[in-house]
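Just so it is clear, none of the values below were taken in a lab; they were calculated from the coordinates. The structure presented is a predicted model; accordingly, all values stated were derived computationally and were not measured. Here Cβ is always computed from backbone atoms with ideal geometry, including for glycine, and neighbour counts include all displayed protein chains.
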Ligand code: GGG
């Protein structure tokens, strides 16, 4: 049976890098692609950033490829993650040969809680002077993330994981997160250590080899993975997978990059590596490895987009990757 892949480019460079990822998927397999709108542009036209049919498509497709969300991120990417029942956002950040990285020894994977924390949407403007946000942390979500982390560590070549938190200040919410994650690791016999997330931000810059798999609350995972992008050569390189029990959505970590949107010069690597994660998730292991190795080859030998010091266009890089498949 041909798998149906929902394609939601979103805004800005999402419109340029998502077709690049589709081109790569078409080169390695037979899939049925169904495209749908979401984001600022559709909101301007219809008043709705995430049309119901896009939500339903993501919920029913075998997998979804998403591009980027801009101003309407909260109304687009959070509900889309919900549509696929995602509870973890997997964000690998590794340095590639040939890429000028601040820290070439970096090889990290962030496992970010994907349903709650400060992204649960409970914000209120209570007066002219006062706005509030309710942070939600449940044991069920923390334990589910920890179970995933234990399986991820067992299946991969990892010694254990580090849980990054700020439980010395947010004693109740991060305290619960920390306690639940460490308890599951102990129960499962998986090595887990812990670090305060602010200290992590320093230590990962000074000595990234100290860390491997990093389990984080939602916002911390968003911020710290972007920080790690800075260590490996930029946001154009980081893919991600939003994994649920039965469904999943794949997207580059970067946003819409309005400064270069529409110029055809965005780096498609993160979107194409997200497609490699999609292939792996659907069981196309060999195809996923082929894409990964084609991307690695192009990063090493070029062509390169401007963010990596080159002059190539999105299409030049995509064609070079497809040629290597
Ligand atoms: N493709 C990722 C994207 O659109 N990022 C924009 C953004 O604000 N994301 C928030 C998040 O990942 O939670």
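Convex hull volume of the Cα atoms in the chain, per residue, in Å³?
Given the Cα convex hull of the chain, per-residue volume reads 139 Å³.
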For residue 155 paired with residue 193, estimate the spin-label separation in nm (one decimal), with each label point 7 Å from Cα along the Cα-to-Cβ line. 2.6 nm
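Hey, what's the per residue convex hull volume over the C-alpha atoms of segment 247-316, in cubic angstrom? Mind showing how you got there, number by number?
Numbers: hull volume 6.1 nm³, N = 70.
Convex hull volume per residue, Cα atoms: 87 Å³.
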In a solvent-free Debye calculation with one equal scatterer on each Cα, what is log10 I(q)/I(0) for segment 194-325 at q = 0.21 Å⁻¹, listed in the order of the q values? -1.30
Computed log₁₀ I(q)/I(0) - Debye formula, equal Cα scatterers, no solvent, segment 164-228, q 0.13 Å⁻¹: -0.35
If you take the beta carbon distance between residue 227 and residue 32 as r and set R0 to 45 Å, what does 1/(1 + (r/R0)^6) give as a FRET efficiency, to the nearest 0.05? 0.75
For residue 107 and residue 82 in the same chain, what is the full-extension length gain: residue separation times 0.36 nm, less their Cα-Cα distance, in nm? 6.2 nm
Rounded to the nearest 0.05, what FRET efficiency do residue 56 and residue 319 give with R0 = 30 Å and r taken as the Cβ-Cβ distance? Could you check? 0.30
Would you mind estimating how fast segment 175-264 diffuses translationally, via Stokes-Einstein at 4 °C and 1.567 mPa s with the Kirkwood radius over Cα pairs, in µm²/s? 84 µm²/s
At what distance in nm do the modelled label points of residue 169 and residue 100 sit from each other, each positioned 7 Å from its Cα along Cα→Cβ? 3.5 nm
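Determine, for each peptide in 147-157, 275-285, 212-222, the mean count of other beta carbons within 10 angstrom over its residues, then list the peptides with the highest first.
Going by the mean number of other Cβ atoms within 10 Å, highest first, we get 212-222, 275-285, 147-157.
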What nm value, rounded to one decimal, do you get for the distance between residue 245 and residue 129 when each label is placed 7 Å out toward the C-beta? 4.7 nm
How many angstrom lie between the Cα centre of segment 142-169 and the Cα centre of segment 16-53? 32 Å
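Given the rule -39500 (n - 2.57) for each run of at least 4 DSSP H residues, summed and divided by the residues of the chain, what is its mean residue ellipticity at 222 nm, to the nearest 500 deg cm²/dmol?
About -13500 deg cm²/dmol.
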Over segment 1-144, one equal point on each Cα, no solvent: what is log10 I(q)/I(0) by the Debye formula at q = 0.09 Å⁻¹? -0.38
